[in-house]
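Below is one structure, written out as structure tokens; comments come after it.
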Amino acid sequence: MHTITKNADVKMRKSIESYKNEISKLRTGRANPAILEHIRIDYYGNEMPLNQVANINAQDARTLTITPWEKNMIPVIEKAILNSDLGLNPATAGTIIRVPLPPLNEERRKELIKVVRTEAETARVSIRNLRRDANTELKEMLKKKEITEDEERRVADEVQKITDKFVAEVDQLTTAKEADLMAI
């Protein structure tokens, strides 16, 4: 029975980490290398993430610098950034690509908040699905008479407490990200 709650806790924690990863990609007012991590580059016939073919750094609050490991990758990286849905315009200076981040307008901020809320709901659904799986496992154990009804109810309550804790964490992360997006 402890394995059920422990498994639920571990899997829900992974859902939280996945959610944190997704919202870290969303652009706030300052430059963050994670913004470009999902961009994929054609590297000698293979699709590679940008961070595996170049170094990505925040030069200042509004500029990212990309230093490709191979000089011939510069035009490929520029094209991939231009074709992404980020609306960024890279500028090459020798072997360094500079990506200035324009300030966010009110409309774009609201769009990003909608994306954050969608991701948050996806994370909540994932956590609730894990709760359902744990409860199903408990009911199976009860059916096979491996545990008593009292034990099943007690463990189900523990799983619910874990679920509530992680859903509250998703809400907290969402509120913090929304505040971050609205800050000018």
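The values are calculated or read from the model by the stated rules, or taken from the named source; none is laboratory data. Please read these numbers as outputs of a predicted model, since none were measured by experiment. We place every Cβ from the backbone using ideal geometry, glycine too, and count neighbours over all the protein chains shown.
Look through Glu17, Glu78 and report the one residue that is farther than 30 Å from Ala176 by Cα and in a helix (DSSP H, G or I).
Within the list Glu17, Glu78, the selection yields Glu78.
Please specify each residue of the stretch 56-109 satisfying the condition of being farther than 15 Å from Asp42 by Cβ, of a type in the set (D, E, K, R) and out of contact with any strand residue (DSSP E or B) (no Cβ under 8 Å at 6 or more places or on another chain).
Selection gives Asp60, Lys71, Asp85, Glu106, Glu107, Arg108, Arg109.
Out of Gly87, Gly45, I need the residue that is over 23 Å from Val116 (Cα atoms) and not assigned by TED's automatic domain parsing to the domain that holds Ala120. Which one?
Gly45
Among the residues of the stretch 97-107, which ones are under 24 Å from Asn51 (Cβ atoms) and not hydrophobic (A, V, I, L, M, F, W, C)?
In the first step, residues of the stretch 97-107 are kept if they are under 24 Å from Asn51 (Cβ atoms); the result is 97-102, 104.
Matches in the stretch 97-107: Arg98, Pro100, Pro102.
How many residues are among the polar types (S, T, N, Q) and part of a helix (DSSP H, G or I) when one looks only at the stretch 81-109?
Count: 1.
With the requirement that a residue be assigned to a helix (DSSP H, G or I) and surrounded by fewer than 17 Cβ atoms within 10 Å (Cβ to Cβ), what does the stretch 143-155 give you?
Filtering the stretch 143-155 down to residues assigned to a helix (DSSP H, G or I) leaves 143, 149-155.
Across the stretch 143-155, the qualifying residues are Lys143, Glu149, Asp150, Glu151, Arg153, Arg154.
Taking the residues in the stretch 1-31 that are charged (D, E, K, R) and at pLDDT below 90 as candidates, determine which candidate is farthest from Leu88 (Cα to Cα).
Step one: of the stretch 1-31, the residues charged (D, E, K, R) are 6, 9, 11, 13-14, 17, 20, 22, 25, 27, 30.
Keeping just the survivors that are at pLDDT below 90 gives 20, 22, 25, 27, 30.
On the way: Lys20: 23, Glu22: 19, Lys25: 14, Arg27: 11, Arg30: 14 Å.
Checked the stretch 1-31; the qualifying residue farthest from Leu88 (Cα to Cα) is Lys20.
Considering the stretch 54-75 alone, what residues qualify as being in a strand (DSSP E or B) and either at pLDDT below 90 or crowded, with 16+ Cβ neighbours inside 10 Å (or both)? I'd like the intermediate steps shown before the answer.
The first filter runs over the stretch 54-75 and keeps only residues in a strand (DSSP E or B), leaving 54-60, 63-68.
Selection gives Ala54, Asn55, Ile56, Asn57, Ala58, Gln59, Asp60, Thr63, Leu64, Thr65, Ile66, Pro68.
Can you tell me which residues in the stretch 159-184 are crowded, with 17+ Cβ neighbours inside 10 Å and under 17 Å from His2 (Cβ atoms)?
Val159, Ile162, Thr163
Count, please, the residues in the stretch 128-184 that happen to be within 22 Å of Ile16 (Cα to Cα), in contact (Cβ under 8 Å) with a residue 60 or more places away in the chain, out of contact with any helix residue (DSSP H, G or I) (no Cβ under 8 Å at 6 or more places or on another chain) and of a type in the set (Val, Ile, Thr).
0
From the list Pro75, Pro100, Pro90, which residue is over 26 Å from Leu173 (Cβ atoms) and in contact with a Ser or Thr (Cβ under 7 Å, 6 or more places away or on another chain)? Give the derivation first.
Details: Pro75 fails: in contact with a Ser or Thr (Cβ under 7 Å, 6 or more places away or on another chain); Pro90 fails: in contact with a Ser or Thr (Cβ under 7 Å, 6 or more places away or on another chain).
Going through Pro75, Pro100, Pro90 in turn, the sole match is Pro100.
Based on this model, can you work out whether Val115 counts as among the β-branched types (Val, Ile, Thr), surrounded by 12 or more Cβ atoms within 10 Å (Cβ to Cβ) and within 22 Å of the chain's Cα centre (by Cα)?
Yes; evaluated as a whole, the condition is true for this residue.
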